[in-house]
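Novice: After the structure tokens below, expect a handful of questions from me.
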Amino acid sequence: MADHSELDHAVADGTFLMICGPTAAGKSGLALALAERYGGVIINADSMQLYADLRVLTARPDVSEEARVPHRLYGVLDGAERASVASWLTMATREIETARDAGRLPILTGGTGLYFHAAMKGLAPVPDVPPDIHAECIAEYAERGGEAFRRDLLELDPVLGSQLHDGDSQRLVRAMGVVRASGRALSAWQADPHEGAIAGRPVRVAMMPPREELYEKINTRFSAMMEGGARSEVSTLATRGLAPSLPVMKAIGVREIMALQAGDIDEARAVELASRGSRRYAKRQMTWIRNNFHAEMILEKKFSERKMTEIFSILSKTG
């Protein structure tokens, strides 16, 4: 077995691990195995797993897994809160620094591309959007629909107006809010020099299973979630009367289970729709990873002993 002191030196010099992949790819399992073997701290980089309300539906690590190694930034926000990339980056940076101070390997794990991009590149100094303008944009999107809303944005921010699709309400609303609040397109702000990237040397591992294999796992996983407590989670969430625009209300499966519980669709249809949404999301995740993540290692099959050793070797390099 390799001398772990090599890894200790690398961590002290700023090395950290990033494991990115689409939903259901097995990221949590790899992170747990590496953290147990090499003394790591797992730090969440999934926007939905930040929320406490939906452990089952967002596939957060269970209580027994969290007890095996330190897990950070899982279930730390209430569903009434609205997380941002900037707030996640601040929390993740703090957790990475804490892990380093304790001599433990920081392991960022998740599937939210914006989070990984911020960790690697930092953020542009985009101004905050006042709540009243944000609310106006949400109401306008709901009233006019995504197609008309995006056409208006296209006039004010041609770059993002052409890149975003009509159904991407969160990003369309944000882009419109920024240009209305600041008088400058969000794409122009994003072109400014970025700040706040996580210091150190990232080692990037991408989990990219064959698409057919991944889709089959997604199809079976949602049915298991339904039996494992997802219904109860959504029922409890529904009683809170939260605004539909909040991120937690947009988690894949929430709308479908609410429709099931309202009697609008049957269980088979709910599973079908949620699984289809997950497959589409996974496709977008894989596209982002291929184009933006620049992984040192890509795992197409379940991780093996040999692959774990190779990851250790890459991590242990210094200089």
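The values are calculated or read from the model by the stated rules, or taken from the named source; none is laboratory data. Just so it is clear, the structure is predicted and the values come from calculations on it, not from any experiment. All Cβ positions, glycine included, derive from the backbone under ideal geometry; neighbour counts span all protein chains shown. These accessible areas exclude ligands, DNA and RNA; they are computed on the full protein's heavy atoms, side chains included. Shrake-Rupley method; radii C 1.70, N 1.55, O 1.52, S 1.80 Å.
Novice: On a 0 to 90° scale, report how tilted helix 169-182 is relative to the longest principal axis of the chain, with both axes built from alpha carbons and the result rounded to the nearest 10.
Specialist: Compared with the principal axis, the helix lies near 80 degrees.
Novice: Something else about it: Report D for the chain in µm² per second (integer): Stokes-Einstein, Kirkwood Rh on Cα pairs, 25 °C, 0.890 mPa s.
Specialist: Reported coefficient: 118 µm²/s.
Novice: Determine, for each peptide in 32-43, 88-99, the mean count of other beta carbons within 10 angstrom over its residues, then list the peptides with the highest first.
Specialist: Going by the mean number of other Cβ atoms within 10 Å, highest first, we get 32-43, 88-99.
Novice: Something else: What's the center-to-center distance, using Cα atoms, between region 119-151 and region 231-275 in Å?
Specialist: 24
Novice: In region 254-315, what GluC sites (Glu not before Pro) fall in a loop by DSSP, with at most 16 other Cβ atoms inside 10 Å?
Specialist: For GluC sites (Glu not before Pro) across region 254-315 that sit outside H, G, I, E and B with at most 16 neighbouring Cβ atoms in 10 Å, the list reads Glu296, Glu300.
Novice: Right, here's the next one. Just how many % of Cα pairs in region 147-207 lie over 17 Å apart, if you round to the nearest whole percent?
Specialist: 48
Novice: In Å, what is the Rg of the alpha-carbon atoms in region 104-259, and how long is Dmax?
Specialist: 18.9, 51
Novice: On to the next question. Leaving out ligands and nucleic acids, and using a 1.4 Å probe, what accessible area per residue does region 1-53 come to in Å²?
Specialist: Averaged over the residues of region 1-53, the accessible area is 31 Å².
Novice: Another question, if that's okay. Based on the Cα coordinates of region 190-319, what is the per residue volume of their convex hull in Å³?
Specialist: Dividing the Cα hull volume of region 190-319 by its residues yields 178 Å³.
Novice: Here's another thing I want to ask about it. Rounded to the nearest whole Å², what accessible area per residue is found for region 183-319 with the 1.4 Å probe?
Specialist: On a per-residue basis, 55 Å².
Novice: Additional query: Based solely on C-alpha atoms, express the radius of gyration and the Dmax of region 242-315 in angstrom.
Specialist: Calculated on Cα positions, Rg and Dmax stand at 18.4, 54 Å.
Novice: Given a Förster radius of 22 Å and the C-beta distance between Ala238 and Ser87 as r, what FRET efficiency does 1/(1 + (r/R0)^6) yield to the nearest 0.05?
Specialist: 0.30
Novice: Under Stokes-Einstein, with the Kirkwood radius over Cα pairs standing in for Rh, what whole-number D in µm²/s applies to region 71-150 at 4 °C and 1.567 mPa s?
Specialist: Rounded, D is 84 µm²/s.
Novice: Highest mean first, how do 102-113, 244-255, 126-137 rank when packing is the count of other Cβ atoms within 10 Å averaged over residues?
Specialist: Descending packing order for the listed peptides: 102-113, 244-255, 126-137.
Novice: What would the Debye equation give as log₁₀ I(q)/I(0) for region 1-159 at q = 0.09, 0.10 Å⁻¹, counting only Cα atoms as equal point scatterers?
Specialist: Listed by q, the Debye log ratios stand at -0.39, -0.47.
Novice: Can you compute the helix-only [θ] at 222 nm over the chain? Use -39500 (n - 2.57) per DSSP H run of at least 4 residues, normalise by all residues, nearest 500 deg cm²/dmol.
Specialist: -16000 deg cm²/dmol
Novice: How much length, in nm to one decimal, is gained on full extension between His4 and Glu65, taken as 0.36 nm per residue of separation minus their Cα-Cα distance?
Specialist: Result for the pair: 19.6 nm of gain on full extension.
Novice: How long, wide and thick is region 172-225, going by the Cα atoms along their three principal axes, in whole angstroms, largest first?
Specialist: 47, 33, 19 Å, listed from the longest principal axis down.
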